[in-house]
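The values are calculated or read from the model by the stated rules, or taken from the named source; none is laboratory data. Note that the coordinates shown come from a computational prediction; the quantities given were computed from them, not determined experimentally. Note that we place each Cβ from the backbone using ideal geometry, even for glycine, and neighbour counts take in every protein chain shown. Just the protein is used for accessible areas: all its heavy atoms, side chains included, with ligands, DNA and RNA removed. Shrake-Rupley method; radii C 1.70, N 1.55, O 1.52, S 1.80 Å.
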Amino acid sequence: MATLLPALFIAFGQLEYLHPAWLASVGGGIVGFTLLMPIYAWSLGDVRWLCGAYALVNLIGLATWPLAWTTPATAEHSPWLWMSLGVAAVCAAMATTVPIGFGYTVLAALTFGFVRMTRSGGDLDALEAMQDVLTLLVLPAALLLLIQFFANAVDELDTTTADSQRVEADLAIDEALNEQRTVLDGIVHDRVMTTLVAAVQTDQSRAEVADLAQTAVDALASAGAATDAGQPLTPQQLGRLIEDMVESVCPQAQVVVDPESEEFLVSPEIVSVLGQATREAALNVTRHAEAENVTITIGARTDGGGQQVRVDVRDDGKGFDPASLPANRFGIRVSMNDRMKHIGGSMQITSRIGEGTLVSLLWTGRERTGDAMSRRRVSEAVRSVLRVELFLFLVWLVVGVQVLVGLLAAETGDAGPLSFGALGLALVATGVALRRAGERRISTVEAILVVACLSVISQLMHDATPHAALAGNSAWHGAVVMVLLITVLVRGQRAIAWAGLGIFLIQTFLWTYRDPFGLYVFLEVAFGPVLWLVLATLVLRGVRGIGEQLVRVRSSSRQNTRAMAESFSKLVLREVWLTELRDQIGPLLTNLADPSHQLSAEEREACRVLEGRLRDSLRAGNLISQGVSDAIQAARERGVEVVLVDNRGSKLPEAVRRATLRRLEQLVRASTKGRIVARTAPEGYAEAVTILQVDAERNLTTIDEAGTVTVRKT
């Protein structure tokens, strides 16, 4: 719209020389498409076809300009289309791609240069036409470079933001899980283990044991109570939950989220069922498959507004014939198949004897949206566009080309030393304007010095340009003034930049008034600096507003992440830790809480064994799984002493943990006497885990941070 008004004004002086059909088709097309674009944009319509049509009409109009020129007289000024060709190049890039926009810029500039050498374009010689080509080429090319960098920055920012959001969410989840684990460990130690120890002691009254047991039951029920409906989770977070749920029952399982999975939110009810069904499938692998490798793959995609989440549990075990599986098999029918049907999902088992088993869980539902999935990336993208290296390159590119144009104009004209002095001063002003860019804002003295240099340049060019033989490229300094005033504005001296523009406009007006060039020349020289400084001011104001909004958004995002992490940790508490704990002690604790129930010797022995298992899990969480715990209990009954010491202070790396649990379970199950001591080292040690087996001979197993197992005799 801003280019349309001066273009129409300049066009009025050339309308009588142009063919009416050309004016109706080309001129009418440019005006019509210009007016339609903001209407479509404001109504959120697709403006790409309008951009393409605008660029095409401009190029056709320029190519047919000599044919539309109906008088034998030579044009006094350049075709009025030059004012819209820069915008047309940007529109071509918006309608297609930035490389095509570059191609359009080159083609339009060369076409414009050809037209300028015709009678309809001013009948310039080749050197003068080349000056026009360079002038028309540099600004659109610089802007397209900026657009291309902006697009690349947004793509890079998308990836970086998504990664940082996942890292932030993982850290928040870890913190929330640690808090929930601490609370649960306190209940287990202070309530549950105290009750079990009291039950083992024969001198403890039955009523006291019942009171302790009821307190433990109430504490566990309170810890597992749902305080809200829960936050929906992403597929990545579903993978984290499944990893926690299968870790104790199938430690060799590797959980992988398909990198091609789409990001959407899945309700906590669906997440819970998928997790429970996956845990049952992993437990079946441990019980029946005799598998070395187990992989759980999670994939998510959208299709027609719906969601699909697929969980595949694949093992390399002995396999079986699914047709021979009893229809009433409880674990498969209730824990897996019925659960999946309840949420509108399905389960499929594929297996052959000797070839392993694949259990596929598939849920299909409607898409759920939420604020947690919104992307707030605009402000970082806008700021990333102003990267120092690109900024310096673009400023020097524009100034350098304009200096080249000025040199060509000085050679073809009769400007004298004043023009060469202005060219040298333009380079000095550019160096001052860009001095230490990126390190600090430009100082007031430096900004004033730049404006003073620009004023001197303008005055020199006004004095050097003869009014009788004005060449448009003798006013090359207008583009230099434009880009350096924008530089001063961007570097933090807005008032001085606008003061410089005011000085430039006054000088240009007095020049065109003194040497009667007319309003055409004034618009030709002053239009660019005014338009671009206004646009730069609006963009910077928008960036500041977006920056303020970003602060509020980040604060809200942290709160949402914390709420999601707390909801996730409570889901893990209910679905994983408390479920496992109830499986271990639920029936026994219920009997203990009944004061009328008389404890048998077998139940007291069960209390002793359970207290030992819970003590192991509290003291050495990195060394315990369901299989290891069962093996330790059986070994202790055989008289084997098993000691677990966890000095890690954090979770073992996944490869180390899998290797440790596999080796420890093998040693414990094979031992019939003696002593086994398993110990984790603090972080930073080369040997992450050591397992000492003292039997007829002493064997030391070491596992390094990469999960490599080494066995040697001592």
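A straight line joining the Cα centroids of the range 37-88 and the range 590-659 runs 81 Å.
From most to least packed by mean Cβ count within 10 Å, the peptides 602-610, 355-363 give 355-363, 602-610.
What FRET efficiency do you get for GLU175 and SER346 if R0 is 41 Å and r is their Cβ-Cβ distance, rounded to the nearest 0.05? Walk me through the numbers on the way to the answer.
Working: r = 36 Å, r/R0 = 0.89.
E between GLU175 and SER346, to the nearest 0.05, is 0.65.
Rolled with a 1.4 Å probe across the full set of protein chains, the surface gives THR234 an accessible area near 10 Å².
Rounded to the nearest percent, how much of the accessible area of the range 8-88 (1.4 Å probe, protein heavy atoms only) is carbon and sulfur?
Working: 2880 of 3990 Å².
Result for the range 8-88: 72 percent of the exposed heavy-atom area is carbon or sulfur.
Sequence-distant contacts, meaning Cα pairs under 8 Å at least 6 residues apart, place the relative contact order of the range 593-675 at 35 percent.
How large is the accessible surface per residue of the range 1-78, computed with a 1.4 Å probe and reported in Å² as a whole number? Show your work: numbers first, answer last.
On the way: 4160 Å² over 78 residues.
With all protein chains present, the range 1-78 gives 53 Å² per residue.
In plain terms, the chain from THR672 to TYR17 could stretch by 224.9 nm, reckoned as 0.36 nm per residue minus the Cα-Cα distance. Within the full protein context, the accessible area of ILE353 is estimated at about 130 Å² for a probe radius of 1.4 Å. Can you spot the lysines whose alpha carbon is less than 27 Å from LYS673's alpha carbon? Ignore those fewer than 8 places along the same chain. Cross-link targets: LYS713. Taking a Cβ cut-off of under 11 Å around GLY356, the surrounding Lys, Arg, Asp and Glu residues balance to a net charge of -2, with basic ones at +1 and acidic ones at -1.
The 3J(HN,Hα) values that the Karplus relation (6.51, -1.76, 1.60; θ = phi - 60°) gives for the range 212-222 are, in residue order, 4, 5, 5, 4, 5, 4, 5, 5, 5, 5, 5 Hz. Gly and Pro appear as x.
Can you tell me the order of 421-433, 633-645 when each peptide is scored by its average per-residue count of other Cβ atoms within 10 angstrom, highest first? Intermediate results must be reported in sequence, preceding the final value.
Values: 421-433: 19.2, 633-645: 15.2.
Per-residue mean Cβ counts within 10 Å order the peptides as 421-433, 633-645.
Rounded to the nearest 10 square angstrom, LYS713 shows an accessible area of 150 square angstrom against a 1.4 Å probe. Stretched out straight at 0.36 nm per residue, the stretch from GLN598 to ALA696 would grow longer than its current Cα-Cα span by 30.9 nm.
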